[in-house]
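**Q** Got a structure for you, written out below as structure tokens; questions coming shortly.
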Amino acid sequence: MVALTLSPTKTLFLNSHLLHSTFKPHFINPYSTKTQSLHSSRFLSFNLVTCKLKSPQDIKNKDKKISKKIVLSEAAPSLAEKGGDGDGGGGGGEGNGNGEVKAKSGGNLMRLVKRFPRKVLGILSNLPLAIGEMFAVAALMALGTFIDQGEAPDFYFQKYPEDNPVLGFFTWRWVLTLGFDHMYSSPVFLGTLVLLGASLMACTYTTQIPLVKVARRWNFLDSSEAIRKQEYSDTLPRASVQDLGVLLMGAGYEVFLKGPSLYAFKGLAGRFAPIGVHLAMLLIMAGGTLSAAGSFRGSVTVPQGLNFVVGDVLGPTGFLSTPTDAFNTEVHINRFYMDYYDSGEVSQFHTDLSLFDLDGKEKMRKTISVNDPLRYGGITIYQTDWSFSALQILKDDEGPFNLAMAPLKINGEKKLFGTFLPVGDAESPNVKGISMLARDLQSIVIYDLEGKFSGVRRPGSKLPIDIDGSRIVIVDAIGSSGLDLKTDPGVPIVYAGFGALMLTTCISFLSHSR
């Protein structure tokens, strides 16, 4: 007789002579301990396939390991335990009385200690609990998107006042007490992530790893009675176990022979996929936590020609934030300039940056723009904004003078900058002067002492304009570059986790059959 195991509870019963028959393979869902049956019929056609079957010698050592494991799991109590019982039964007064009570209480305590981790693992690996944790994480992330992050306390005092609470109860006290103003590094959010990670690890340890061990075990059923008790079994009066093995190998099965018994399986990788999915999710959560609690962020607006030190701009986002040597890097703004559409609107702005070390040696130079940042030593510098710093002019062929440009408030999102050139006595309480306005760096609108329009000049055109006896030449418009700086050590971990998640999710579709 020969046995072909199709599932943990379903085995095909065969005789060792040739005959065609119908069998139904069974596929196991890697996420469930239940066996699902995929009914499909096929005749065993004996086409010539060149394959090599594994002989009993090939699996001799593995059988020894399996048998040793079985013996160890069913081993009798140790000699020390037997000796203790014997001493207690015939030892005299010390074996009875208080000593026996203490021994029993100590044994109960040890059993309680041993059972405690199992109970904790059982609770953590509970599926409804894990689903609830995922919903809690999603809800906190949605709340973090709704609440402005990283603002000053005064901002939350005004937006969530106690006299007009959101939804009737939500005020600034909730935001500041629970740390919702920095949600992704708050104890509530991180604690929920830790609990979800513990549930994933407990599920992997208590469910997925045992399923893999069972799937890798070779089940040779030699008893005809045991084979007949399977849900699906059949008799092939003229079947040959070797021919059947060749057919199964041609179908992609791994085939093992042990005497008159045959065992075959395929798709074992599908059993490892859930473990890989859990590990990938743990990587994503670990990388996200490191990004939220271990990063540095900062923003700065620097006029063309000036410098700043990276460490003076970056600020920590959480308790895991650790500065690096790259924080001592000095950044110099070589040039800031803008591109324009034909309509005159700004299309893009660029900043030419140079990075210097403590010795003043240039380490890197790059012109950045929106969506094209500079990366150095784990620090990323983004081009995010711009401003008008100063207007350089000549007055009556004297100068040049730098007039600071100040932002003016106007309706809408468009920017407007202005400056003032005093004419006459600057100390007079009724001082008058020439006003200059600009929306960008390409044209300057000039007004006379009475506030009347006088003309428009482009910086660098060298075209003078005469206003109330003063000759003005616009030499240059000096812009300021708005930069965002950040370090995010968790990004590579998150990317690796998502890559592993996509790979293991695809592998999980491989059905394990035996």
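The values are calculated or read from the model by the stated rules, or taken from the named source; none is laboratory data. As the structure is a computational prediction, the values presented were derived from the model and not from experiment. Counting neighbours? That spans all protein chains shown, and the Cβs are built from the backbone with ideal geometry, glycine included. Note: areas computed on protein heavy atoms with side chains; ligands, DNA, RNA excluded. Shrake-Rupley method; radii C 1.70, N 1.55, O 1.52, S 1.80 Å.
**Q** I'd like to check something: does the range 282-303 contain any residue that is over 30 Å from LEU483 (Cα atoms) and in a helix (DSSP H, G or I)?
**A** There is at least one residue in the range 282-303 that is over 30 Å from LEU483 (Cα atoms) and in a helix (DSSP H, G or I).
**Q** Answer with yes or no whether SER186 is free of Cβ contacts under 8 Å to residues at least 12 places away in the same chain and surrounded by 18 or more Cβ atoms within 10 Å (Cβ to Cβ).
**A** Yes.
**Q** Same structure, new question: Are there any pairs with C-beta distances below 8 angstrom linking a residue in the range 481-506 that is closer than 30 Å to ASP325 by Cα and among the basic types (Lys, Arg) to a residue that is in a loop (DSSP other than H, G, I, E, B) and open to solvent by less than 50 Å² (accessible area, probe 1.4 Å), with the two at least 6 apart or on different chains, and if so which?
**A** Qualifying pairs under 8 Å: LYS486/SER295; LYS486/LEU314.
**Q** Right, here's the next one. Kindly indicate the residue of the range 289-318 that is over 26 Å from GLY479 (Cα atoms) and surrounded by fewer than 21 Cβ atoms within 10 Å (Cβ to Cβ) and also nearest to the chain's Cα centre (by Cα) among those meeting that condition.
**A** LEU290
**Q** Working carefully through the options ASP339, ASP352, ASP357, find the one that is in contact with a strand residue (DSSP E or B) (Cβ under 7 Å, 6 or more places away or on another chain), free of Cβ contacts under 8 Å to residues at least 40 places away in the same chain, surrounded by fewer than 11 Cβ atoms within 10 Å (Cβ to Cβ) and at negative phi.
**A** ASP339
**Q** Looking only at the range 386-422, which residues are surrounded by fewer than 16 Cβ atoms within 10 Å (Cβ to Cβ) and in contact with a Gly (Cβ under 8 Å, 6 or more places away or on another chain)?
**A** Scanning the range 386-422 gives ALA406, LEU408, PHE420, PRO422.
**Q** How many residues are touching a Lys or Arg at 6+ places or on another chain (Cβ under 8 Å) and farther than 18 Å from VAL188 by Cβ when one looks only at the range 142-173?
**A** So the answer is 1.
**Q** Does at least one position in the range 188-195 carry a residue that is modelled with pLDDT of 90 or more, out of contact with any helix residue (DSSP H, G or I) (no Cβ under 9 Å at 6 or more places or on another chain) and under 24 Å from GLY318 (Cα atoms)?
**A** yes
**Q** Within the range 213-270, which residues are under 46 Å from the mean Cα position of the chain (by Cα) and β-branched (Val, Ile, Thr)?
**A** VAL214, VAL246, VAL255
**Q** Of everything in the range 322-366, what is under 26 Å from SER291 (Cα atoms) and of a type in the set (Phe, Trp, Tyr)? Give them in sequence order.
**A** The answer is PHE327, and nothing else.
**Q** Quick check on ALA269: is it modelled with pLDDT under 90, farther than 25 Å from GLY479 by Cβ and either touching a Leu at 6+ places or on another chain (Cβ under 6 Å) or surrounded by fewer than 18 Cβ atoms within 10 Å (Cβ to Cβ) (or both)?
**A** yes
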